[in-house]
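Working notes, beginning with the structure itself.
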Amino acid sequence: MSARPLRLFVADDEPPARSRLRELLEDLRAECPAEVVGEAGNGLEVLDRLPESGAEVLLLDINMPGLSGLEVARHLSGLENGPAIVFVTAHDAHAVEAFELNALDYLLKPVRAARLAAALRKARHTGAPLPASLERAQAGPRTHFSIVERNRIHLVPVAGVLYFKAELKYVTLRARDREHLIEESLVSLEKEFATHFIRIHRNCLVARAAISGFERAAGGAEDEAHWEVLLEGVPDRLPVSRRQWSEVRDILGQRGRG
Amino acid sequence: MSIKQNAYSDGLPDFRNLGVIARILVAVNLAAIGAACYAEPGWARGMARFADDAAFIEPALLASIVALYLISPALVSMRYLLANVVVVAVVLCIVAGMSYLPQSLSAPDERQLARRLVFSAAISLALLGYLRLRAKAFSPALTEARLQALQARIRPHFLFNSLNAVLSLIRRDPKRAELALEDLADLFRVLMSDGRKFVRLADEIALLERYASIEQLRLGERLRVVWEIDNAPQDALLPPLVLQPLLENAVYHGVEPGTEAGEVLVRIEGRAERVFVRMVNPIHPGSTHRPGNHMALDNLRERLMLFFDAEAKVSTREADGRYQVDIEFPQITAKPAGQVETR
């Protein structure tokens, strides 16, 4: 093992848990030299601080306020030189099962020094976890989308997204204040957020909550007449394809009754 | 589990239960031996008669058991009385039908058929009655087992995180670590105690404070507990672990999911011979914590019912981003005779 200390980031919402990990790392100094380059008490702080800390390994608590550990890991996987991640949990049978299925490394609290050392040695070699493993390990949909810009992770809450539109190679995420390009497919987005977004066109998913109404658009020279979705708060109008219209209309009908 | 309990609550035996089937087999054969010995003078001749009878009885008995096993789901959905009539009718049809099967050694005469039918009806009714009484006799045990199960609940999440917090204290602040372990020990002593005994409100409040101090250790300044307990009737009696789960819920759902400090209000007071408890915590709509609130509350409601019957109330309210639980129960200071030990 190289003499250079491993650069570690410790994320846990409970201060005693963080200091316990620091103590253990101190105990392991001879065997497994490491240096804590950053700490965070919730998921948002991790995403904010980790990229510039240069950490190689992240000790990540699962049960954190703001963003769960698993979701934090998924957003970090967008980083170019993302850290290796060792999950830490007190007790979460579902998470542990998911980790084992997807070969993600985890520690159980209270953490033993020997286990910690083994996990760090392993993490150094395996590197960042695969996005697909993280995706499978997380039980529900994400609460945020992330866009990595120059080694910064920018988060957009799912509730703040109006629609996704596929154009050529990219998918555009339209939030109220601006647009972002993301590298995800409409199909996978539709699958993950089925309750939140509805497909209105081959190339477009709209947030159900953002729909304020529909309007019939007159057909142009080549175009047939079709319906358009009107959105709350922004002037954008989105065409509804003939194939999706009946499904979209049902949503409107349900709202009208409710 | 609950479906089954409801379905059989009125005493109809579960014809798919091995114990029930075994009881039916044994009882019918004993009755047949008894009848044979009664009909013939002397034990040896009685047994010979039973051996003859068995050629008919056993197939009919097995056929009845199979038939009841098959129609058991339908029986469950019927009213108790109707279900009993159906059971007897099925048994009689099988007995009558088998009496006329060609392979019977001899065609039965009318007297023999009548005897068989009367015997079958009598044994069926007797068994139904016996199994009903037996089910009734066992239900208190069931209740007690449920009570114990309800009580043996603590979030593993809390246990392991607390142990972890204590471990972190041992080097830095050994005194504080000792206190924390003592608090944990007290908490677990109550958690593992006999849940059927009343405790004093003062003890329950002490437990709340121990619990809060452990949580404080873990969560630090994120947890603020406001105590309004000066008017709590210290001597009032209540079932154990009524208040602690409420505070645990308040912390788990109201403080842990938040990145900012969260305030939990604990108010306990006595008014007009009744005890009023209120706990209020912030709500976190996007919380990743699994919903366990309702289960804990149902559990609490059930336990208060067991102790105070209809005199206890549990209600919840959500308003202005806060979640509020109110419970009230009669202020009893002397243990009601008989109730403490038996319930």
Any trypsin sites (Lys or Arg not before Pro) in region A:117-226 that lie in a DSSP loop and have at most 12 other Cβ atoms within 10 Å would be A:150, A:169, A:178, A:202
For region B:9-115 the chymotrypsin sites (Phe, Trp or Tyr not before Pro) that pass both the DSSP coil test and the at-most-14 other-Cβ-within-10 Å test are B:100
Of the convex hull drawn through the C-alpha atoms of region B:30-85, the volume per residue in Å³ is 84 Å³
Phi-derived 3J(HN,Hα) across region B:227-237 with the Karplus relation (6.51, -1.76, 1.60, θ = phi - 60°), rounded Hz, x for Gly and Pro, is 9, 10, 10, 5, 9, 6, x, 4, 8, 4, 9
Once phi for every residue in region B:315-320 is put through the Karplus expression 6.51 cos²θ - 1.76 cosθ + 1.60 (θ = phi - 60°), the whole-Hz ³J(HN,Hα) values, with Gly and Pro written as x, are 9, 10, 8, 10, 7, 6
Quick calc of log₁₀ I(q)/I(0), chain A, Debye, one scatterer on every Cα, no solvent, q values 0.07 1/Å, result -0.32
Once Lys and Arg are counted +1 and Asp and Glu -1 for all other residues with Cβ under 14 Å from that of residue A:146, the total becomes -4
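Given Cα pairs under 8 Å that are at least 6 residues apart, what percent is the relative contact order of chain A?
On the way: 437 pairs, mean separation 29.8, N = 258.
Relative contact order comes out at 12 percent.
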The whole-number value in µm²/s of the Stokes-Einstein translational diffusion coefficient for the protein assembly as shown, with Rh from the Kirkwood sum over alpha carbon pairs at 4 °C and 1.567 mPa s, is 43 µm²/s
Residues whose built amide H sits under 5 Å from the amide H of residue A:85, excluding neighbours closer than 5 in sequence, are A:58
Net charge near residue A:27 (other residues with Cβ under 12 Å of its Cβ; Lys, Arg +1; Asp, Glu -1) is +2
FRET efficiency for residue B:54 and residue B:113 from the Cβ-Cβ distance with R0 = 30 Å, rounded to 0.05, comes out at 0.95
Helix-only [θ] at 222 nm, the protein assembly as shown, -39500 (n - 2.57) per DSSP H run of 4+, per residue, nearest 500, equals -16000 deg cm²/dmol
Links exceeding 25 Å between C-alpha atoms in this model, out of B:197/B:313; A:122/B:175; A:109/B:197, come to A:122/B:175; A:109/B:197
For region A:1-57 the trypsin sites (Lys or Arg not before Pro) that pass both the DSSP coil test and the at-most-12 other-Cβ-within-10 Å test are A:29
Along region B:275-283, Karplus-curve 3J(HN,Hα) (6.51, -1.76, 1.60; θ = phi - 60°) to the nearest Hz, with x for Gly and Pro, reads 9, 10, 10, 9, 10, 10, 9, x, 9
Tilt, helix A:15-27 to longest principal axis of chain A (alpha-carbon atoms), in degrees rounded to tens, equals 40 degrees
Across 5 Å bins beginning at 0, the whole-percent shares of Cα-Cα pair distances in region A:84-170 come to 3, 11, 16, 19, 19, 13, 10, 5, 3, 1, 0
Working note, region A:6-137: Cα radius of gyration (Å, one decimal) and Dmax (Å, whole number) are 13.1, 37
proj_area_mean for region B:156-342 (convex hull on C-alpha atoms), units nm², value 11.1 nm²
Answer check: region A:144-257, Cα atoms, Kirkwood Rh, Rg/Rh ratio of 0.98
Under 5 Å from the placed amide H of residue A:145, counting only residues 5+ away or on other chains, we find A:156, A:158
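Only the coordinates and a few stated rules stand behind these numbers; no lab work does. Note that the structure is predicted; figures quoted are calculated from it, not measured. Virtual Cβ from ideal backbone geometry, glycine too; neighbours counted across all protein chains shown.
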